[in-house]
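For reference, the structure discussed in these notes is given below.
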Amino acid sequence: MTGAMGARGVVFLGSPAFPDAARTALADDRLRANLRRATTTIRDKRLAATGELDDWEELRAAGEAIKRHTLRHLPYYLERLEESVTAAGGTVHWAADAAEANRIVTELIRATGATEILKIKSMATQEIGLNEALADAGVTACETDLAELIVQLGEDRPSHILVPAIHRNRGEIRDLFAAEMGHWGRPAPEGLTDEPAALAEAARLHLREKFLRAEVAVSGANFACADTGTVAVVESEGNGRMCLTLPETLITVMGIEKVLPAFTDLEVFLQLLPRSSTGERMNPYTSLWTGTTPGDGPSAFHLVLLDNGRTDTLADEVGRQALHCIRCSACLNVCPVYERTGGHAYGSVYPGPIGAVLTPQLVGVEHASSLPFASTLCGACYDACPVRINIPEVLTHLRAKAVEAKAGHRRLPTLEALAMKGATAVLVSPARLGLAQRAASLGGRLLSRRGRIGRLPGPFRGWSDTRDTPAPPAESFRAWWRANRAGGQR
Amino acid sequence: MSTRDTILGRARAALGDVPPAERPEEAPIPRGYRRSHADVPLVELFAERVADYRATVTVAPEHQAARTVGRLLADRGLTRAVVPDGFPDAWLPGGTFTRLGDAPPRTPAELDGIGAVLSTCAVAIAVTGTIVLDAGPGQGRRALTLLPDYHLCVVRAEQIAGDVPEAIALLDPTRPLTFVSGPSATSDIELDRVEGVHGPRTLDVIILTSTEEA
Amino acid sequence: MRIALFITCFNDTLFPDTGRAVVTVLERLGHQVEFPEAQTCCGQMQFNTGYRPDAVPLVSGFARTFGGYDAVVTPSASCAGMVRDNHPVLAEQYGRRQLQQDVAELVPRVYEFTEFLTEVLKVEEVGAAFPRRVAYHPTCHSLRGLRLGDRPERLLRAVRGLELVELPRADSCCGFGGTFALKNADTSAAMLADKTAAITAVGAEVLCAADNSCLIHIGGGLSRQGSPVRTMHLAEILAATEGDRG
Ligand code: SF4
């Protein structure tokens, strides 16, 4: 169980707003230590791997341009993809939302008679809540990616788009394997240690028998080339290769934004993705397949093209760029907010900076209205993003939409809206600003002791819990200027 | 209306800002990036980069292929391996080595039990230390190079491309392609790379240089 | 060259010393500075909090006030960034043609203070002396917004007697983020704690930056912790001379 899914599957139902969820996460010292360790490691590796290429900026520009161009002609490329996949022996299905995608996949599995299927880590199937839908239909979905396995065994939620169990350290993983593996299949070896190599070995043994008898696998896709119908899965462990090769039936669920115009465009993305994501020159395994190949791999290949809010996102000229995302997770790894709160605080399968811009667009900003504010707009994500998604730009754009949506729902303006209006009313007039400054100076000095203001009530409580505020000076700059310089001015 | 038409219709409606004169065929993509970042001889670079993934690399002249293969297998205590059709006989060691074929196709459990596979490759990439398999001669269907725990891949020096763009241009997209960069690994525990999960845990690579150069 | 000082509403009200420092430095370098009194605010808070329409009158006010100057200098990287990146957006989204034009013409003449010194006046040595151990915090808006690079450090290195110490993980956000510090106070405080720990670890006497907004947050944290480290705007360090008591 991975938690009940809300609107369109993307958000976890009942998730508190970001500030509240973050408070819980921040109180967890072990979580913070785990996150800090992991994000620090990966930041250095990414910088080394990207710094090695002197044309990194040109690659990013090409990646961005290819994505932007594809999205601007999405219907054209989707139709071409459908044609090429079909010509190569695959079957293409279209799903408008999570429910339709789940129905299609469930029926395809039912037709094979399988009751247990294997899964390769995929954000799209996570987003639609496929495992839960399959469970309802009596089909067990076994996650084969190590981190997904950790999440599944722990009945946990993913907290990172690349390493869903990033919130767990090796000791926790060891305990989980020792306690839970036996319920799902081969138990963990006796005397399992917390050495990463030993943990990887335990996963290998546990899953091997499942791979050997697999009939059906479900995957996502990193890329799909419209001209050839070639689909790509980028991975590390080899569980992907197992799932793409051994079963008779392969079902791939892919967001419609993953299409690329041409096979040759992979020359850009196979450089951008591994270096941004795990900080490697190349990930251990990338599988590319085109339809079916007699005598090699699955005899049936189904490609499910998923909308689930993507065409709504496409309609927003500013927000559209969130669909460029290649799910490398660099933005999460560099984000100072994510580093402190972890992924669960975002309440969505898409956490971190990309989640803060994608989730509200996929589900409607009113269903995730605290997310666009879960950022200091520090810009580290934009710098790291291999396809140059200007996340801060989209964040402020969505903030405006969130404010509008809130205003639309109420008869009276919020206190915050009144405060902003009030501030503008003062700030449009230098005279009023001058008066306000004198009032602030007076008030501030009344509140302060030895030049400092301590704890404050209301919206400033959180601020003043950990910070003093200097008392406003007796004389504002404009007052000083008038007294000392204005005479000299023409 | 079918879901297909619904989705395509929604996408078209969403893209009202794209001028009709803008054609998909004329993609304005700035391709100012390099075709290759290789700045030293390819054999040297490829060998160094493969070794970075903790695979072992051996450079040998082609006439010593069989002896090199034999030595590597012996070092691992292996006396038999799956050898896909089309793998050159001249590269196979003599002596006690048993060559296992794949006709009729072996079951996954059999392959799992065999434990070793020899293969050639389609293309190799120097900068990233990658070998690309395309199920061609000497490589066989994908399961052959996946299930055995030991993979020995023989690369001819002239198969090494400089970098990803050069390699992509050499590949046939209609074939099933597998890019292999080192042994299987994971970064899932504390975001640090550990070798050895589901794919072959040991990868040995031999680079064969033409006899004169070596 | 007619140079206007855009003090920003925040500095005007809370940090007049910073404005005086800018005036001191520019006058010392032989330039006359004007302070158009009609100026108020760039609208950053409204924009970043999602109240775009409320920021629009401030955009037109800014264009009206500063339109006639050759250079508009501001001791705030975040306000310079607001003008540069977002005034055109607001003018485009809400403004008339005329405003769009005015903004487009004005924006290239708006400079953050250190940018103005190094790029326009082409100076690094401004005749300052400040014998203290100083750490520089590159604020997000100076580092990634305006891409000031090492310009502030170059200015600081030229200050007589100043010892510049390097802050570990300097490029990491301090957690201020405007209304973020109120809306997500706990996360902001966690970020702040790491920043103040880094400052304490390097043993700096003074922490400086190109934004008083981040400094009020960092300084507020240091003060609450009882730390002796002082926060100062970079301009105030550049204004200091041998005669001052630092
Ligand atoms: S938004 Fe950019 S950096 Fe973040 S996951 Fe997507 S591609 Fe990577």
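Just so it is clear, none of the values below were taken in a lab; they were calculated from the coordinates. Remember, predicted model here, so these are calculated numbers, not experimental data. In this analysis, Cβ positions are derived from the backbone assuming ideal geometry, glycine residues included, and neighbour counts consider all displayed protein chains.
Order of A:T311, A:T115, A:T106 from fewest to most other C-beta atoms within 10 Å? Please report the intermediate quantities before stating the final value.
On the way: A:T311 24, A:T115 14, A:T106 17.
Exposure proxy ranking, most exposed first: A:T115, A:T106, A:T311.
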Exercise. How far apart, in nm, are two points set 7 Å out from the Cα along the Cα-to-Cβ line at B:M1 and at C:E105?
Worked result: 4.8
Problem set entry | For the stretch C:133-244: span of alpha carbons on each principal axis (Å, largest first) | 42, 32, 22
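Given the -39500 (n - 2.57) contribution per DSSP H run of 4+ residues, what per-residue ellipticity at 222 nm results for chain A, rounded to the nearest 500 deg cm²/dmol?
Details: 22 runs with 246 residues, N = 490.
Mean residue ellipticity at 222 nm (helix-derived): -15500 deg cm²/dmol.
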Exercise. Which of B:P24, B:P93, B:P176 moves the most in a Gaussian network model of chain B with Cα springs under 10 Å?
Worked result: B:P24
For this session: Give me the percent of DSSP beta bridges within chain A that run antiparallel, rounded to the nearest 5.
Result: 35
Seminar exercise, completed: Per GNM of chain B with C-alpha springs under 10 angstrom, the most fluctuating residue out of B:E158, B:E22, B:E48 is B:E22
For this session: Using the number of other C-beta atoms within 10 angstrom as an exposure proxy, rank B:L152, A:L447 with the fewest first.
Result: A:L447, B:L152
For this session: State, as an integer percentage, the relative contact order of chain A based on alpha-carbon contacts under 8 Å between residues 6 or more apart.
Result: 20
For this session: Please work out the C-alpha center-to-center distance from the stretch C:109-151 to the stretch B:156-214 and express it in whole Å.
Result: 47
Problem set entry | Debye intensity ratio I(q)/I(0), log10, chain A, q values 0.08, 0.11 Å⁻¹ (C-alpha model) | -0.55, -0.94
For this session: Per DSSP H run of at least 4 residues, take -39500 (n - 2.57); add these up for chain C, divide by its residues and hand me the 222 nm value, nearest 500 deg cm²/dmol.
Result: -12500 deg cm²/dmol
For this session: Using only Cα atoms, locate the centre of the stretch A:432-455 and the centre of the stretch B:32-49, then give the distance between them in Å, rounded to an integer.
Result: 64
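State the percent of C-alpha pairs, over all pairs in chain C, separated by a distance greater than 22 angstrom. Walk me through the intermediate numbers first.
On the way: 15845 of 30135 pairs.
The answer is 53 percent, as a whole percent.
Rounded to the nearest 500, what is chain B's calculated 222 nm mean residue ellipticity when only DSSP H runs of at least 4 contribute -39500 (n - 2.57) each, over all residues? Don't jump to the answer; show the numbers that get you there.
Working: 5 runs with 48 residues, N = 214.
Estimated from H runs of four or more residues: -6500 deg cm²/dmol.
What relative contact order, as a whole-number percentage, does the stretch C:3-120 give when Cα pairs under 8 Å and 6 or more residues apart are counted?
Value for the stretch C:3-120: 29 percent.
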Seminar exercise, completed: If each part is reduced to its alpha-carbon centroid, the stretch C:204-228 and the stretch A:324-363 end up apart, in Å, by 29
Seminar exercise, completed: The percentage of Cα-Cα pairs in the stretch C:3-120 separated by more than 18 Å is 46
Exercise. Could you give me the ³J(HN,Hα) list for the stretch A:201-206, computed from phi with Karplus coefficients 6.51, -1.76, 1.60 and θ = phi - 60°, whole Hz, x at Gly and Pro?
Worked result: 4, 4, 5, 4, 5, 4
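Indicate the gyration tensor shape class of the stretch A:18-310 (rounded, prolate or oblate), computed on the Cα atoms with a ≥ b ≥ c the square roots of the eigenvalues: a/c under 1.5 is rounded; otherwise a/b larger than b/c is prolate and the rest oblate. Don't skip to the end; give the middle numbers.
Numbers: a/c = 1.64, a/b = 1.16, b/c = 1.41.
In terms of gyration-tensor shape, oblate.
Among the listed pairs A:K45/A:K401; A:K67/C:K183; A:K401/C:K183; A:K121/A:K406; A:K121/A:K210; A:K119/A:K401, which have their C-alpha atoms separated by more than 25 angstrom in this model? Could the numbers behind the result be given before it?
Details: A:K45/A:K401 37 Å; A:K67/C:K183 34 Å; A:K401/C:K183 17 Å; A:K121/A:K406 36 Å; A:K121/A:K210 16 Å; A:K119/A:K401 37 Å.
Flagged as over cut-off: A:K45/A:K401; A:K67/C:K183; A:K121/A:K406; A:K119/A:K401.
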Exercise. What net charge is computed for the residues neighbouring A:P298, neighbours being all others with C-beta under 13 Å from the C-beta of A:P298, Lys and Arg scored +1, Asp and Glu -1?
Worked result: 0
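Could you tally the net charge around C:R20, taking each other residue with its Cβ under 11 Å from the Cβ of C:R20, Lys/Arg +1 and Asp/Glu -1? If you can, show how the numbers build up before the last one.
Numbers: positive: A:R485; negative: A:E475, C:D17, C:E27, C:E236.
That works out to -3.
Kindly identify the stretch A:415-486 as rounded, prolate or oblate by the Cα gyration tensor criterion: order the square roots of the eigenvalues as a ≥ b ≥ c, call it rounded if a/c is under 1.5, otherwise compare a/b with b/c, prolate if a/b is larger, else oblate. Before the final figure, lay out each step's value.
Values: a/c = 2.98, a/b = 1.25, b/c = 2.39.
Oblate is the answer for the stretch A:415-486, as a/c is 1.5 or above yet b/c matches or exceeds a/b.
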Seminar exercise, completed: Per GNM of chain B with C-alpha springs under 10 angstrom, the most fluctuating residue out of B:G136, B:G199, B:G32 is B:G32
Exercise. To two decimal places, what compactness ratio does the protein assembly as shown give when its Cα radius of gyration is scaled by 2.2 N^0.38 Å?
Worked result: 1.02
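Among C:F35, A:F373, which comes first, then next, by fewest other beta-carbon atoms within 10 Å?
Details: C:F35 20, A:F373 24.
So the residues, fewest neighbours to most, are C:F35, A:F373.
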